[in-house]
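Here is the structure we will look at, set down as structure tokens.
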Amino acid sequence: RGDEASAVMATGPLPHAQEGPHDLLLNGDFAAGTADWTPVVFGELGGQGALSFSVERIAALGDVHGARLRVSESDGVPYHLRLTQPVTVEAGAVLLLTSTLMADRPTRVRLGVQERVPPYRSVTVRIVDIGPEPKTIKLSLSNQHPALQAQYQLDLGYAEPGTTVWLAAARLREMWTQP
């Protein structure tokens, strides 16, 4: 009205039509079993036996396919036990990461996107507390680095031995790339 101006709340570039959202993860619904996913065990732990990985239908999550991750051994270092999938993240990419998690007991996990090789630049990695009730995590990410050969990662090293964690509906979408 008159010479009054409204306050600017937020600004940002809009994506071009050809840059619409697209999924970066393959088999995020686990319908193809364990394909495209890699369990990783680091350090002095007892090899791959420290973390077992299988896919099953999970009734508590709506009878969907999901990953079942059983921690048999842990040294408390979060990244010494992880489930990963490689992704390429473009410079300036704006991402939406969603995953539904549940555990048979209260535990802490880390979830995020990080470069696969040194210097291990992080797009984002968050610590999340989970338990017997399903918890859907939604993270908005923005890659402030050059294009990265990165990975989706679920770090399980905080979990006590004997803990089972379920992961379903893993999705990493590139919404657009900022100029």
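Spin-label pair VAL77-THR34: with each label point 7 Å from Cα along the Cα-Cβ axis, the two points sit 2.3 nm from one another. Calculate what fraction, in whole %, of the accessible area of the range 76-124 sits on carbon and sulfur atoms when a 1.4 Å probe is rolled over the protein chains. Ligands and nucleic acids excluded, carbon and sulfur reach 54 percent.
Protein-only accessible surface at a 1.4 angstrom probe places the residues ARG126, ARG110 in the order ARG126, ARG110, largest first. Each Lys and Arg contributes +1 and each Asp and Glu -1, all at the Cβ; summed about the Cα centre of the chain, the dipole is approximately 120 debye. In the chain, taking the dipole from charged Cβ atoms about the Cα centre, the farthest positive-side position among GLN149, MET102, THR38 is held by MET102.
Using only the C-alpha atoms of the chain, find the volume of their convex hull and express it per residue in Å³.
In the chain, the Cα convex hull volume per residue is 159 Å³.
Our coupling estimate for the range 127-135, obtained by passing each phi through the Karplus curve with A = 6.51, B = -1.76, C = 1.60 and θ = phi - 60°, is 8, 10, 8, 10, x, x, 8, x, 10 Hz, Gly and Pro reported as x. In terms of accessible area, using a 1.4 Å probe and ignoring ligands and nucleic acids, PHE42, PHE53, PHE30 rank largest first as PHE42, PHE53, PHE30.
The values are calculated or read from the model by the stated rules, or taken from the named source; none is laboratory data. Just so we're clear, the structure is a prediction, and the values are computed from it rather than from any experiment. Counting neighbours? That spans all protein chains shown, and the Cβs are built from the backbone with ideal geometry, glycine included. To get the accessible areas, we keep the full protein, side chains included, count just its heavy atoms, and leave off ligands, DNA and RNA. Shrake-Rupley method; radii C 1.70, N 1.55, O 1.52, S 1.80 Å.
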